[in-house]
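Notes to accompany the following structure.
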Amino acid sequence: TQNQDSMNTPSGIEYDQLTGLYSRWKCSIELQNLLNAGVYRVFGSIDLDGFKHINRLYGNKKGDELLKAIADSLRASYPSALLFRLSGDEFAFILPEMPYNKQAMCLMTRQVFTKLHEIKIEGLENEHLAFSIGSVFIDPTKYTSPDMIYFDSMSFRLEAKKHEGNYLY
């Protein structure tokens with residue numbers, strides 16, 4: 001399981017040192033393993049809209065505090081998912097095996113948005129946090145590489161951003 005205490009985060013390239021979530025490298029490995037096994041799952045990428053503004057206005061220390069809080073919210077929202085910090089303010093998840101349908105995905109998305117909006121960071125009370133999520137169904141007959149999955153998820157996330165935050169595409 002993933003370490004919840006970043007002070008005791010395992011070292012190495014499998015983990016993001018700030019949040020304790022798995023790293024982008026580990027994400028690529030897990031996606032390739034799913035493709036090799038012919039396994040169907042849901043992959044999503046999450047972006048905090050306006051993170052550069054927060055870092056500029058409040059400093060990197062406050063930005064790091066926010067990133068850790070986002071990681072904790074994702075752990076609470078998706079306790080059985082594989083969770084990753086891809087880079088900066090980009091996070092990702094691979095959901096466990098389950099019956100996937102539009103209603104279930106909408107419910108899980110509402111849950112993650114609710115948890116993310118419960119984040120309380122001293123000094124950031126006046127900041128409106130907004131998130132964009134791009135989600136894809138990993139179909140091993142359609143995708144041949146982790147990069148293809150990332151690209152589609154990122155494209156969907158960019159579409160979600162057009163709705164000015166808190167949107168799943």
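The values are calculated or read from the model by the stated rules, or taken from the named source; none is laboratory data. Everything numeric here is computed off the predicted structure, so don't read it as measured data. Here the Cβ is made from the backbone with ideal geometry for all residues, glycine too, and neighbour counts use every protein chain on show. Surface areas here come from the heavy atoms of the whole protein model, side chains and all, with no ligands, DNA or RNA. Shrake-Rupley method; radii C 1.70, N 1.55, O 1.52, S 1.80 Å.
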- Query: Only one of (1) open to solvent by less than 30 Å² (accessible area, probe 1.4 Å); (2) at pLDDT 90 or above is not met by ALA37, so which one is it?
  - Reply: (1)
- Note on the structure: Across (1) over 14 Å from the mean Cα position of the chain (by Cα); (2) polar (S, T, N, Q); (3) outside any helix (DSSP H, G or I), THR114 clears everything bar (3)
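Kindly evaluate SER77 against the criterion of being crowded, with 17+ Cβ neighbours inside 10 Å and small (Gly, Ala, Ser).
On the way: crowded, with 17+ Cβ neighbours inside 10 Å: yes; small (Gly, Ala, Ser): yes.
For SER77, the condition - crowded, with 17+ Cβ neighbours inside 10 Å and small (Gly, Ala, Ser) - is met.
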- Cβ pairs under 6 Å, 6+ apart, first in segment 25-40 and free of Cβ contacts under 8 Å to residues at least 40 places away in the same chain, second open to solvent by 70 Å² or more (accessible area, probe 1.4 Å): TRP25/ILE13
- Query: Within segment 121-158, can you find the residues that are over 18 Å from ASP89 (Cβ atoms) and of a type in the set (D, E, K, R)?
  - Reply: GLU122, GLU125, ASP139, LYS142, ASP147, ASP152
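Surrounded by fewer than 16 Cβ atoms within 10 Å (Cβ to Cβ) and either under 23 Å from LEU31 (Cα atoms) or without any contact (Cβ under 8 Å) to a residue 60 or more places away in the chain (or both): does that describe SER153?
Working: surrounded by fewer than 16 Cβ atoms within 10 Å (Cβ to Cβ): no; either under 23 Å from LEU31 (Cα atoms) or without any contact (Cβ under 8 Å) to a residue 60 or more places away in the chain (or both): yes.
Taking the combined requirement at face value, the residue does not satisfy it.
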- Item | Those residues of segment 43-73 which are touching a helix residue (DSSP H, G or I) at 6+ places or on another chain (Cβ under 7 Å) and closer than 18 Å to THR114 by Cα, in sequence order | GLY44, SER45, ASP47, LEU48, ASP49, LEU66, LYS68, ILE70, SER73
- Query: With (1) open to solvent by 80 Å² or more (accessible area, probe 1.4 Å); (2) more than 30 Å from VAL39 (Cα to Cα) as the list, and ALA69 as the residue in question, which single condition is left unmet?
  - Reply: (1)
